[in-house]
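These notes are about the structure you will find just below.
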Amino acid sequence: MSRFLEALNGVRKEGPPPVWLMRQAGRYLPEYQAIRRRIPLAQMFSTPEVAAEVTLLPIDILGVDAAILFSDILVAVEMLGLKALYQDGTAPRIIPRIETPQQVDALKQIPACQANSYVARTIQLLEPLLNCPLIGFVGGPFTLACYCLEEGATGAMQKMRFWMEHHPEALKLLLEKLTVALVDLAKLQIEAGVEALQIFDSWAGVLPKPLFERFALPYLKKLTEQLKPLGVPILLFTRHSASYVTELAALGARGISLSEDADFREIREQLGSQVVLQGNLSPDLLSGPVSEVVAATQRLLQQMGGDPAFIVNLAHGVTPAAKVECVRALVDTVRNGSAAAW
Ligand code: CP3
């Protein structure tokens, strides 16, 4: 079994922990930029040959332990009859933007195999080409709702706050419809062959607890509960996950991706040995000196390197400012780093 799947099953015994990075196939790679100059982003996501080629880049260049499907959480809105628009330099936008409760009523529920069939085709293309596990993903219902409502989603969540207060029922219907779509898209990926699935509910963790419990948690719960019986391990990601580890662990996913504010030892003690923990190096390290990347990675390994259910990752995605030599140093340090850690 691969190191990644061993850690996901909590049974890794010897050798270094597995490492992969969110947004490992990103703009920091010249090979990625070369493809991106030729092909518009939405077309990269929806052309299986291109999406498969980009998925493979970090496997070939960095030698990480798992691949993550090259796609975006926003492609799921195609199942509601909407479209994601990616423009350079601004946050992506959903068109048409949802401005009224009537629009929520009118949203379609198109099956994933119709609206997002290219995702399944990409996974099938990758199967014979990969020598490591493939991670599939979907966004969380709350995060996708933010993008449907905001003019360009940001942490301020102005429109979302308005809907929570003035249209809570319509917002809940939107979250329900998104949950149905996301379950369907996740199932499509699992049926096509992904070996793990990460749920990116990035903006959920930004909410204060009462709102998190009302508008994010119930839908994350529905999503995980419907996916768990399919037998593929699920990882949960949200910003500031350290504040909500108890709630996230109670959902019964296999693991939690931790943010920078997390204290691994404390959380391991709090949650017990069963939950897989993933994270949590700062993405900012990757645009600084290599020596700091090595030092921070070694510190993390000293703390968690011997934990059988630990996966090295960042606290958030690799940024475009990352230097390839830093990303490589992180992966190499995990591979060859201080053997004393295990
Ligand atoms: O890890 C991976 O590389 C897999 C692919 C992936 C993308 N987006 C590709 C992408 C994944 C897992 C995502 C998740 C995603 N997308 C999230 C959740 C995680 C997070 O970062 O909070 C969110 C909120 C989005 C929505 C989104 N898509 C934003 C805000 C942006 C613009 C800013 C950005 O991150 O660049 C995108 C565009 C996007 N998603 C790109 C890619 C490759 C285009 C930018 C580029 O060319 O690199």
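A few points about this structure:
- Checking each residue in region 247-273 for being more than 21 Å from the chain's Cα centre (by Cα) and on the phi < 0 side of the Ramachandran plot picks out ARG265, GLU266, ARG268, GLU269, GLN270, LEU271, SER273.
- Wholly enclosed strands (runs of 3 or more DSSP E) of region 242-342 bearing at least 2 residues within 30 Å of TYR219 (Cα to Cα) and of a type in the set (A, V, I, L, M): 276-281, 310-314
- Residue list for region 55-99, restricted to those being more than 23 Å from GLN198 (Cβ to Cβ), surrounded by fewer than 16 Cβ atoms within 10 Å (Cβ to Cβ) and touching a residue at least 60 places away in the same chain (Cβ under 8 Å): THR90
- Of note, ASP263 satisfies the criterion of being charged (D, E, K, R), over 20 Å from VAL183 (Cα atoms) and modelled with pLDDT under 95.
- Selection from region 33-54 of residues that are out of contact with any helix residue (DSSP H, G or I) (no Cβ under 6 Å at 6 or more places or on another chain) and in contact (Cβ under 8 Å) with a residue 24 or more places away in the chain: PRO40, LEU41, ALA42, THR47, GLU49, VAL54
- When the residues of region 33-52 are filtered to those that are closer than 22 Å to GLU127 by Cβ and surrounded by fewer than 20 Cβ atoms within 10 Å (Cβ to Cβ), the one that is nearest to the ligand (Cβ to nearest atom) is ILE35.
- Among the residues of region 222-243, the ones that are over 21 Å from LEU5 (Cβ atoms) and without any contact (Cβ under 8 Å) to a residue 40 or more places away in the chain come to 5 in all.
- Output for region 284-303, where each listed residue is under 12 Å from ARG328 (Cα atoms) and touching a residue at least 60 places away in the same chain (Cβ under 8 Å): LEU286
- Close contacts from region 183-204, counting a first residue that is under 17 Å from PHE70 (Cβ atoms) and a second that is part of a helix (DSSP H, G or I) and basic (Lys, Arg), with Cβ to Cβ under 9 Å and a gap of 6+ residues or different chains, come to ALA192/ARG121.
The values are calculated or read from the model by the stated rules, or taken from the named source; none is laboratory data. Everything numeric in this text was worked out from a predicted model, so none of it was measured. Here Cβ is always computed from backbone atoms with ideal geometry, including for glycine, and neighbour counts include all displayed protein chains.
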